[in-house]
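Values in this text are rule-based calculations from the coordinates and carry no lab data. The structure displayed is predicted, hence computed values, not measured ones. So basically every Cβ, Gly included, is an ideal-geometry build from the backbone, and we count neighbours across all protein chains shown.
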């Protein structure tokens, strides 16, 4: 029987079940998932938010393949004051270096400056500097290269302080708290 879960992945957790070091926190620390469940996509250790897990292998292509045009929405807190002209570069796509050492031209995306979203506090909190302001943006992608959002904002000069995936298609973290696991239908 197919089982699919949505998780509000906490900051500091790896998107996997195997601990590479005793100090690592992994998905199995949150919930007793079926042994055949696996993450559909990933969030790096420093990112939080929506992660889907399933034992239905057909969901991977349905959710991750950019040709299916499934939006993935992220809230991004950056160091510094964002201006619209910086975002225009991101909207058109930028070249980022990927794991292979090659460069990848990101697909066009939607991105806008937003007020600080209502999110559960991060543990530990982000570092704050009184002399350097921060800004929030919402970015909507249809692809997901390793650390893509962080690399995209770095290219336009804004280091990412906090990154939260809010949604994948119509599945969101709305009403969830950090660490929540909910079984869903897809």
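Give the Kirkwood hydrodynamic radius (Å, one decimal) of segment 57-132, defined as one over the mean of 1/r across all pairs of different Cα atoms.
15.8 Å
With labels modelled as points extended 7 Å from the Cα through the Cβ direction, what inter-label distance (nm, one decimal) is found for residue 172 paired with residue 42?
Result for the modelled spin labels: 2.8 nm.
Measuring from label point to label point, each 7 Å out along Cα→Cβ, what is the residue 16 to residue 60 span in nm?
Calculated label separation equals 1.5 nm.
Provide the gained length on full extension for the span residue 35 to residue 88, in nm with one decimal, where the gain is 0.36 nm per separating residue minus the Cα-Cα distance.
So the extension gain works out to 14.7 nm.
Would you mind telling me which residue in 77, 102, 16 has the biggest mean-square fluctuation in a Gaussian network model of the chain, where springs connect alpha carbons within a distance under 10 angstrom?
Looking only at 77, 102, 16, the largest GNM fluctuation is found for 102.
So for 152, 1, fewest C-beta neighbours within 10 Å to most, what's the order?
Going from least to most buried by this count: 1, 152.
Dividing the convex hull volume of the Cα atoms of segment 130-186 by its residue count, what figure in Å³ per residue is obtained?
For segment 130-186, the hull spanned by Cα atoms encloses 136 Å³ per residue.
Based only on the alpha carbon positions, what is the Kirkwood hydrodynamic radius of the chain, in angstrom?
Hydrodynamic radius (Kirkwood, Cα pairs) of the chain is 17.2 Å.
Let's test the formula: R0 of 30 Å, r as the Cβ-Cβ distance of residue 127 and residue 107. What FRET efficiency results, to the nearest 0.05?
Once rounded, the FRET efficiency stands at 0.45.
What value, in deg cm²/dmol to 500, does the helix sum -39500 (n - 2.57) over DSSP H runs of n ≥ 4 give at 222 nm once divided by the residues of the chain?
Only helices count here, giving -3000 deg cm²/dmol.
Mind ranking 66-74, 46-54 by how tightly packed they are, going by the mean number of other C-beta atoms within 10 angstrom, highest first?
46-54, 66-74
Figure the gain on full extension for residue 69 and residue 100 (residue separation times 0.36 nm, minus the Cα-Cα span) and round it to one decimal in nm.
8.7 nm
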